[in-house]
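The values are calculated or read from the model by the stated rules, or taken from the named source; none is laboratory data. Computed from a predicted model, the values in this text were never measured in an experiment. Please note: Cβ atoms are built from the backbone with ideal geometry, for glycine as well, and neighbour counts cover all protein chains shown.
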Amino acid sequence: MFVFIDTAVKGCNVALADEGRIIAIHQEPIERGHAEIIIPIFEKLLSDNGRKPSDVQHVFVTVGPGSFTGLRVGLTTARFIGFTLNIPVKGISSFQSFSCGVSGGKDRLVLVETKRSDYYVQLLNSAHKALSEPQCIPTEGISNFVNAHPNAIVTGDAVSRFVDEHGAIENAHQQDMIDLSAVAQTLCKADLETRAPEAFYIRDADVSQPKKKTV
């Protein structure tokens, strides 16, 4: 059995799966407060389905990009579970998570929200494998990047903002939250390339410099 944890993008998302089938999923549509509820959600999913922590054999976790605070909560929780149970922990990107929510054989151009005027962007194929390097593109350049991939499905949680700023696009597939069932099902099939469970940052966190005191 494995547990999948995502707190990098909107929501507190936890899924349990075993022997190729999803046992339970839970999505809490929050943007803050992940740390207070993530372990209770995990424990409740186990108890509600007659499972115990020792039944978990693998942990998967979204490593970003996304909310700096949120993704650290997910990573810390995943590592804690892995360390406590002495089981492997593997990471997937937010781009892969959103890609799983799209069906069909077309490429996916994933736009992930930055909460700023720019966009996290990566092009993936229908097998959720990267076709481009991940980038952070400012709003004045994002339209050209999207238009350069006219056959790709444009998806992710920043699609609606793109439409508001640049107008409607064909093949748009907005996802306010990841399709948790689709991600878990893809993990059941072992169809996702994984990475080390380390934070995947494309740009540095916003840090306010202390103001100089005037004498």
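Here Thr186 qualifies as in a helix (DSSP H, G or I) and either without any contact (Cβ under 8 Å) to a residue 60 or more places away in the chain or polar (S, T, N, Q) (or both). Selection of first residues in segment 78-96 that are exposed (fewer than 15 other Cβ atoms within 10 Å of the Cβ) and of second residues that are of a type outside the set (A, V, I, L, M, F, W, C), restricted to Cβ pairs under 6 Å at least 6 apart or on distinct chains, gives the following pairs, ordered by first then second residue: Pro88/His58.
Within segment 150-161, residues that are part of a helix (DSSP H, G or I) have Cβ atoms under 8 Å from residues that are among the charged types (D, E, K, R) and at pLDDT 95 or above in these pairs: Arg161/Glu113, counting only partners at least 6 apart in sequence or on another chain. Search segment 112-139 for residues being modelled with pLDDT under 95 and of a type in the set (D, E, K, R), and hand back the single one that is farthest from the chain's Cα centre (by Cα). Step by step, filter segment 112-139, then rank; the result is Arg116. Look at (1) modelled with pLDDT of 95 or more; (2) surrounded by fewer than 24 Cβ atoms within 10 Å (Cβ to Cβ) and you find that Ser103 fails only one, number (1).
Strands (runs of 3 or more DSSP E) fully within segment 6-71 that include at least 1 residues being surrounded by fewer than 22 Cβ atoms within 10 Å (Cβ to Cβ) and out of contact with any Pro (no Cβ under 8 Å at 6 or more places or on another chain): 12-18, 21-28.
Put simply, of Gly64, Gly105, Gly50 the only residue that is of a type in the set (Gly, Ala, Ser), free of Cβ contacts under 8 Å to residues at least 24 places away in the same chain and at positive phi is Gly50. Can you find a residue in segment 155-165 that is in contact with a Phe, Trp or Tyr (Cβ under 6 Å, 6 or more places away or on another chain) and of a type in the set (A, V, I, L, M)? There is at least one residue in segment 155-165 that is in contact with a Phe, Trp or Tyr (Cβ under 6 Å, 6 or more places away or on another chain) and of a type in the set (A, V, I, L, M).
Within segment 72-102, being closer than 24 Å to His128 by Cα, polar (S, T, N, Q) and not in a helix (DSSP H, G or I) holds for one residue alone: Ser93.
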